[in-house]
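S.K.: Questions regarding the structure given below will be posed in turn.
Nothing in this text is a laboratory measurement; each read-out follows from the coordinates by a stated rule. Given the structure is predicted, the values throughout are model-derived calculations rather than measurements. Here Cβ is always computed from backbone atoms with ideal geometry, including for glycine, and neighbour counts include all displayed protein chains.
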């Protein structure tokens, strides 16, 4: 702060950040006030600069955090469009050279196929177990990893509104924001997924050697790296399961409907479809809280709905109990991720009811129901 | 539950910029979140079409990501962004006015009106008067002088960066700034003494 002793012009003050924050925000970290009073001439200069700064206010940004978030999402869409466009321009350039290249490509293809055949037959079996770590390494986008080291299931909300109830000793890796035409997450352990519907962006769960594809539904995946099989159990909607390309290039796809399940035997790379889950001991034994609870509500007090949600997702919901004590709702929330459920409940209550989520704490603000 | 996210919070612009160049989506998002509001604000001061301004700012970021391999590694990120937004908007005007045979970057007018820092003036009446008067003088300055002042004192750009942005040499940029303040001071000297005179007779 020695440099200010040499200030002789208004300009010097105006461009000084510390001075700006003193005038505009009253944050006087560098003792401007005292410094000003030391010298009469200085005081005049400071006063002029101050007036000028006060007269030069620029309106603050009116964008909210969610505006900016939306703009960012929108930009990723633009990026994708542009990249696709650029690719097709490249393509047309390539066409010109194509005929010269075809022979080379054909040769390479034959060579490639032979090597794959050789590889599959000679080295295949040893590398057929895929670990979570390998899956993550395959993906270079910045992923966020959440690990549940506690002894209770924990809720994760993804950027598309989908929710995942992660069981103890499990972890999930996912991009902070889903970009591109696909939503991909990586699971080790067990999780119950409720996926927000978006047919244009299918959702994929990579777990050990299998890939589960859905567009919007709820299901459970159990894939511990130290267990001999992987299980997928569907509650609502429809999912497709296939093996990961890393282990086998097969087109075999198993379609699962509600209350159907699948057990994948890792050592054999085989799928066993289970159409009657009630007769399967292991599956029924492991049914989680969330799968047993009913989310069909007919004229039920809001407090009870919140209680059901609390039990299912192991969250705490804080709501104005008095204002909502006479509110009853009829609604079906079965096929919805957590944030959707909350949105629907809030909208049905009406009166500017809104929710805020912070980890497993949910706060509802409301003025009572209509 | 522990969340393992890379902590970029404390990284400066240039670190984020270079990570972005290497294809780090997170750094891209962070720069976006940091500057989007500011850039939209600046854009709005150059164009009355708020919707298009957001579009332009998003296009600037789109190009940064798509052509990230060609980006320079030593730039002043903020100046680069502001300047790109300005060029985008100029291009937009060019397209819109295609039949009127305009324009280059120097023909976009800086529309922003400076306002008075309301909450902060707990001073006496005379001071308020002065600030309001100064504000009027500021807003009467030619658009380019106003823009230079804005870039210098609100965005904290250096004179060199401003010269680059406005497509003029260093001396002209520094003149713009200087002349702006000079006009102000001249007019202001006269009026302030008048105000002082008035207020002292009022007592």
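S.K.: So the label point goes 7 Å from the Cα of residue A:176 along Cα→C-beta, right? Which residues of the stretch A:65-86 then have their backbone N under 13 Å from it?
M.R.: Answer for this model: A:69, A:72-73.
S.K.: Under a point spin-label approximation (7 Å from Cα along Cα-to-Cβ), what is the residue A:325-residue A:169 distance to one decimal in nm?
M.R.: Here the answer is 4.6 nm between the modelled labels.
S.K.: Further question: Using the beta-carbon distance between residue A:357 and residue B:113 and R0 = 41 Å, what value does 1/(1 + (r/R0)^6) give for FRET efficiency, to the nearest 0.05?
M.R.: E between residue A:357 and residue B:113, to the nearest 0.05, is 0.55.
S.K.: Determine the gain in length on full extension of the stretch residue B:34-residue B:74; use 0.36 nm per residue of separation and subtract their C-alpha separation, reporting nm with one decimal.
M.R.: The span from residue B:34 to residue B:74 would gain 12.5 nm if fully extended.
S.K.: What is the distance, in nm, between label points placed 7 Å from the Cα along the Cα-to-Cβ direction at residue A:3 and at residue B:132?
M.R.: Output for this residue pair reads 3.7 nm.
S.K.: Put a dot 7 Å past each Cα toward the Cβ at residue A:277 and residue A:18; how far apart are the dots in nm?
M.R.: Going from the residue A:18 label point to the residue A:277 one covers 6.5 nm.
S.K.: I've got another one for you. Contact order normalised by length for the stretch A:196-269, with contacts defined as Cα pairs under 8 Å and 6 or more residues apart; what percent is it? Show your work: numbers first, answer last.
M.R.: Numbers: 151 pairs, mean separation 20.4, N = 74.
With pairs under 8 Å counted, the relative contact order is 28 percent.
S.K.: Can you give the mean number of other chain Cβ atoms that lie within 10 Å of the Cβ atoms in peptide A:144-154?
M.R.: 2
S.K.: Next up: Roughly speaking, what is the stretch gain from residue A:298 to residue A:33, that is 0.36 nm per residue apart minus the C-alpha to C-alpha distance, in nm to one decimal? Show your work: numbers first, answer last.
M.R.: Working: separation 265, 0.36 × 265 = 95.40 nm, distance 6.62 nm.
Result for the pair: 88.8 nm of gain on full extension.
S.K.: Using r as the Cβ-Cβ distance of residue A:77 and residue B:182, and R0 as 45 Å, what FRET efficiency do you calculate, to the nearest 0.05?
M.R.: 0.40
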